[in-house]
1. Which one is modelled with the highest pLDDT among residues in the range 117-129 that are among the charged types (D, E, K, R) and surrounded by fewer than 19 Cβ atoms within 10 Å (Cβ to Cβ)?
2. Filter the range 285-327 down to the residues that are under 26 Å from the mean Cα position of the chain (by Cα), assigned to a loop (DSSP other than H, G, I, E, B) and among the basic types (Lys, Arg), then identify the one that is surrounded by the most Cβ atoms within 10 Å (Cβ to Cβ).
3. List pairs: first in the range 118-131 and closer than 13 Å to Glu91 by Cβ, second hydrophobic (A, V, I, L, M, F, W, C) and open to solvent by 20 Å² or more (accessible area, probe 1.4 Å), Cβ under 6 Å, 6+ apart or cross-chain?
4. If you take the residues in the range 556-601 that are assigned to a loop (DSSP other than H, G, I, E, B) and among the charged types (D, E, K, R), which one is most open to solvent (accessible area, probe 1.4 Å)?
5. Does the range 536-544 contain any residue that is of a type outside the set (Gly, Ala, Ser) and buried (at least 21 other Cβ atoms within 10 Å of the Cβ)?
6. If you go through the range 180-193, how many residues are open to solvent by less than 10 Å² (accessible area, probe 1.4 Å) and either within 18 Å of Gln503 (Cβ to Cβ) or modelled with pLDDT under 95 (or both)?
7. Checking Asp147 against (1) under 23 Å from Asn501 (Cβ atoms); (2) within 25 Å of the chain's Cα centre (by Cα); (3) open to solvent by less than 20 Å² (accessible area, probe 1.4 Å): exactly one of these is not met. Which one?
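The values are calculated or read from the model by the stated rules, or taken from the named source; none is laboratory data. Note that this is a predicted model, so its numbers are computed, not measured. Here the Cβ positions follow ideal geometry from the backbone for every residue, glycine too, while neighbour counts run over all protein chains shown. The accessibility values were calculated without ligands, DNA or RNA, using every heavy atom of the protein model including side chains. Shrake-Rupley method; radii C 1.70, N 1.55, O 1.52, S 1.80 Å.
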Amino acid sequence: MITCETGNNVPLRYLVWLLLFFLPAPGYASSSIALGYTPKYATHFKHFDYVNPNAPKGGTITMPGFGNYDSFNPFTLKGVPAAGLTQLVFESLMVQSQDEAYSLYANLADDIQLAPNKLSVTFHLDPRARFSNGDPVLAKDVKFTFDTLKSDKAHPRYRLYWRDITRAVVVSKRTIRFDFARVNPELHLIIAQMQVFSPKWLGSTSFDKLDRTLPIGTGPYTVEKYQLGKDIVYKRNPNYWARNLPSQKGMYNFDHIVFKYYRDFTVMLEALKAGEYDFIAVNNSKQWARDYVGPQFDDGRIIKKEIHHKNNAGMQGFIFNIRRELFKDRRVRRAISLAFDFDWSNKKLFYNQYTRCDSYFSNSELASSGLPKGDELKLLNQYRDQLPADVFTQVWHPPRTNYPGALRKNLIKAQKLLNEAGWRVRDGVLQNANGKKFEFSVMLVQKGFERILAPFAYNLRKLGIIVHYRTVDVSLYEQRVRNFKFDMVVASFGESQSPGNEQFDYWSSRAADQKGSQNLIGIKNPVVDALINKVVFARNRKSLIIATHALDRVLLHGEYLIPNWYIATHRIAYWNKFSYPKKLPLYYQAESWALATWWKK
């Protein structure tokens, strides 16, 4: 997972917007679904409120890509997939509106029926649904997709995420049923978001070796041409089957969408000013404050704007790979965290644009606060003998340096913790009893982070800790992260308004040794495992919030990472030749929003 200075570019495949309530029994069929409330849009709605249904079609928008790509298959562990594939080429059974907590509407499937016992869900496919090659989308294609993605040829995240979905059953030509191993409040919604592809895409090729064959999906675009690793051009399919569907009306208005790749963010900025591409979401505070200036901005040819969102900020941080012996002691991790001077960085490097992450669910009601009490305390008391005492006695806060002498006090605390853990400074270097030096590396994918690591490394050097940091190529970074071959990296953990099964991939013991999982930290904590289950199987919103507060609190006291920061706006710059709807969605990523709803003036 590639992370910029802020975590706003978390890949969309990792973001699951879920609200955990049970559907009223008995089971029923519907073209829309919202858990615990009535969907905002009526059965025969015309379009989403955040689109312009009369937006003109035509023109081209060019976007920047970072690094390179070497694959057209975004569903495997192998390679770096081309930007845009999952949004433009592939579609899911149902689509989510972006102005509700969690509602799904008809797309490939024109209705959904959850069984009265909640142990299966059945979809009926829209007879109009077509792949880009003109073939109809049938139940057998959906089953083929599911079986392929859950096999050992696909990315292991699907097997983990869908572990309670036992099989797909073809009921009829256009009816598909998914059976569940147990009642899970969100399985029917999770599988409704499965993207479908044609078996003809694979042919006789093994799925894990399918990387250079152009995909056959059902989405609004197809790949027209490309230069591998340099650029890719998507062409709007004139025969796109869903162009008049309510969930697609007013969307995907450009005839062509182009991604041009750059290996350096400074070069990328200059390319914007030169007109090589049209739009960028900016994740670097220094560039935003100082470098997005010039005659193109002064005369209005390029517009620079901040737009608000209500996304759950989740957590971004410098994460410890606790598979490394060096980081297994919680006291050591806290000591290193005490050396990071966020307040100085925010003032000197970030132009006071950021807020410190203080929760794994920052900027939401899901964030824990104060000391545990009430139902949360009752829940945590079940695991009291397995938790640090300070979970119950101390309010967790990220270290602060917002007053004179604070950093010095933090470093003194850090030194004490390191001494308690068996580390002493000898000859200016921190060493353990065996003479092993305290030394580790931070692997980066964005060079701009080096300016943040430099003062951090300087502070750690005062404790006798030696830190190396370097920026590596995207492909190497992805490969090493997927195989957990790093000491420390920067990572983002995106969260929705209602967390669910993705928490297993983030923090569970079974994901810790699964290559390609998002448990980059390597957490194997039985209490965390138990609390994830409490979150996933919460029977109502109140229980969900209680369980999430408890999970958040245990993760924070585990000192598994050094919290970074977030911002509640999207910072965008674009050439003044586009228009977009007056009403913004509530929960969205800037780039995908522009691709889906903007149009050429």
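1. Checking each candidate, the answer is Arg128.
2. My answer is Arg323.
3. Every condition considered, the pairs that remain are Arg128/Trp241; Ala129/Trp241; Arg130/Trp241; Phe131/Ile216.
4. Only one residue fits best here, namely Lys582.
5. Quick first cut of the range 536-544, residues of a type outside the set (Gly, Ala, Ser) only: 536-537, 539-542, 544.
From what is left, the residues that are buried (at least 21 other Cβ atoms within 10 Å of the Cβ) are 536, 544.
Within the range 536-544, one or more residues are of a type outside the set (Gly, Ala, Ser) and buried (at least 21 other Cβ atoms within 10 Å of the Cβ).
6. 8
7. (3)
Each row is one residue, and each column tells you yes or no for (1) under 16 Å from Leu556 (Cβ atoms); (2) open to solvent by 70 Å² or more (accessible area, probe 1.4 Å); (3) among the small types (Gly, Ala, Ser); (4) touching a residue at least 12 places away in the same chain (Cβ under 8 Å).
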| position | (1), (2), (3), (4) |
| --- | --- |
| Ala367 | yes, no, yes, yes |
| Lys373 | no, yes, no, no |
| Arg384 | no, yes, no, no |
| Asp390 | yes, no, no, yes |
